[in-house]
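For reference, the structure discussed in these notes is given below.
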Amino acid sequence: MQLTTLSIAKRFLTVAATAGLAVLTLPAGADALPNARWRCKMTGDIPLGTLTVSGSTYQFVVAKNTVWDAKPGDPGNGSGELRETGGTITPVSGPLASVYGVVGEASKRPDGTIYIAFNSSKGTPFACWQG
C-alpha cells in the first residue's frame, strides 16, 4: 500500500486524538520548521536518527541504537537543503532526498510541540519531534 503524506498525517492525528491530544496543522507560510534538533523515529518507536535544521539547510545523523549514538559511515548521514512551500517540507538535496526520498508536513500541538510526518517514496516513512 502506497502511503501519502496525508494518510500518514491522518494516522498521527488519529493516534493523537486517541491519546487525548489535540493537534493543529501549521498554516501555509508559517514558520513551520524552526532552527532546532529533531529526533526521528520509524514505525514501532524505532530511532532512525537526528535531524538538525538551520535556516534552509539540514544535517541528518543516523542513530545506531536507542540512546541515539551516531552510526558513522552510514549512507543516510549527511547534509542538504530543505524547501518549504505551503506547509510542505521537501528536501532538495542530501540524504533525506537521495536515501530516504521523503516529503514532510509539520504540525503543531497546543502545547507548542512541533513534529514532522515524513512520507517516503523509498519505503521508510518516519516522524521527527523536537528534542
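Where a number appears in this text, it was derived from the coordinates with a stated rule and is not lab data. Computed from a predicted model, the values in this text were never measured in an experiment. Cβ coordinates were reconstructed from backbone atoms using ideal geometry, including for glycine residues, and neighbour counts include every protein chain displayed.
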For a protection proxy built on the mean count of beta-carbon atoms within 10 angstrom, sort 88-101, 61-74 highest first, please. 88-101, 61-74
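Can you pull out the trypsin sites (Lys or Arg not before Pro) in the range 68-131 whose DSSP state is coil and whose Cβ has at most 15 other Cβ atoms within 10 Å? Please list the in-between numbers first.
On the way: sites: R83, K108, K122; in loops: K122.
In loop regions of the range 68-131 (DSSP not H, G, I, E or B), the sparsely surrounded trypsin sites (Lys or Arg not before Pro) are K122.
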Hits in the range 114-131: amide N under 17 Å from the 7 Å Cα→Cβ extension of N35, namely 131
